[in-house]
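For reference, the structure discussed in these notes is given below.
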Amino acid sequence: MISLKNISFSASSEAGEKEILKNISLDIEDGFVAITGPNGGGKSTLAKIIAGIYKPTSGKILLDGVDITDYSVTERAKAGISFGFQQPVKFKGITVNDLIRIASGRDITVSDACDYLSQVGLCARDYIDREVNGSLSGGELKRIEIASVLARGTKLSIFDEPEAGIDLWSFGSLINVFQKMHDNIGGSIIIISHQERILNIADKVAVLSAGELKAYGAKQEILPELYDSMNETCKVLTDNMKEVKA
């Protein structure tokens, strides 16, 4: 379980110090949690703080009761945390097979690597020897990144807006991949997303807005209220546009 205790984060800007996260406390047990909310609400920042890319200004992070607040990215990876970037990193000169083998931390066979690729809907024969570079599409890079996370088999996997920059066909495939991960889970999955289809396969949903945790609970409790709020916002915007045109 990952526990966030009074997490706050501030960053310097031209206008001065800006508070991005404000006193976030959240316990995420084994299962699938989606974190959603308006753009600029602090979702990606929170994900990077959990992964160790950013360090909180204040507060603590506990992983299975162990304080990892001061752990580096590498130390958190060794402790069992994986992170999938919104824009997957490219590695010139490293093949897909190399990446999956390195991610696994074991001396796996080509057959094992191919199996992970198959799990994310890629034909292993077409990808195993390709370089992880700009010749791959956004959807291909996303699925290869997920295959590497599967190979790691960590207790906590975090994905920051995995739907960003991919086509609808690839997005449909990703939903199937996350559904399979969810069905076979042996730990926790955290996905930062706006997409209704991702929210609907989560166990729990957290809503983050203006750097604050607005709601957290089972999706059956959170989503109806969230959708009602979104519909009301859309209605207000539509009414305002009508007034402007008039």
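The values are calculated or read from the model by the stated rules, or taken from the named source; none is laboratory data. Please read all numbers here as calculations on a predicted model, not as lab measurements. With ideal geometry, Cβ positions are generated from the backbone for all residues, glycine too; neighbour counts draw on all protein chains shown.
Checked against the criteria, R125 does not count as under 23 Å from A51 (Cα atoms), surrounded by fewer than 14 Cβ atoms within 10 Å (Cβ to Cβ) and free of Cβ contacts under 8 Å to residues at least 12 places away in the same chain. Considering only residues in the stretch 150-160 that are modelled with pLDDT of 85 or more and not small (G, A, S), the one that is nearest to G65 (Cα to Cα) turns out to be L156.
The single condition among (1) surrounded by 14 or more Cβ atoms within 10 Å (Cβ to Cβ); (2) free of Cβ contacts under 8 Å to residues at least 24 places away in the same chain that I201 does not meet is (2).
Would you check if there is a residue in the stretch 72-84 being closer than 20 Å to I53 by Cβ, assigned to a loop (DSSP other than H, G, I, E, B) and modelled with pLDDT of 80 or more? Among the residues of the stretch 72-84, at least one is closer than 20 Å to I53 by Cβ, assigned to a loop (DSSP other than H, G, I, E, B) and modelled with pLDDT of 80 or more, which makes the answer yes. Residues in the stretch 1-38 that are without any contact (Cβ under 8 Å) to a residue 12 or more places away in the chain, part of a loop (DSSP other than H, G, I, E, B) and among the aliphatic types (A, V, I, L, M): A15 only. Is it the case, given these coordinates, that I35 is at pLDDT 90 or above and either charged (D, E, K, R) or under 22 Å from K180 (Cβ atoms) (or both)? For I35, the condition - at pLDDT 90 or above and either charged (D, E, K, R) or under 22 Å from K180 (Cβ atoms) (or both) - is met.
Sort out which residues of the stretch 98-138 are assigned to a helix (DSSP H, G or I), of a type outside the set (D, E) and over 23 Å from the mean Cα position of the chain (by Cα), and write them in order of number. Listed by number, the residues that qualify are V110, S111, C114, A124, R125, Y127.
Hey, any hits in the stretch 75-86 for a residue that's among the charged types (D, E, K, R) and touching a residue at least 24 places away in the same chain (Cβ under 8 Å)? The answer is yes; a qualifying residue exists.
Residues in the stretch 34-58 that are in contact with a helix residue (DSSP H, G or I) (Cβ under 9 Å, 6 or more places away or on another chain) and either of a type in the set (S, T, N, Q) or over 27 Å from E225 (Cβ atoms) (or both): T36, A51, G52, I53, Y54, K55, P56.
Confirm whether S82 is touching a helix residue (DSSP H, G or I) at 6+ places or on another chain (Cβ under 6 Å) and of a type outside the set (A, V, I, L, M). Criteria met by S82.
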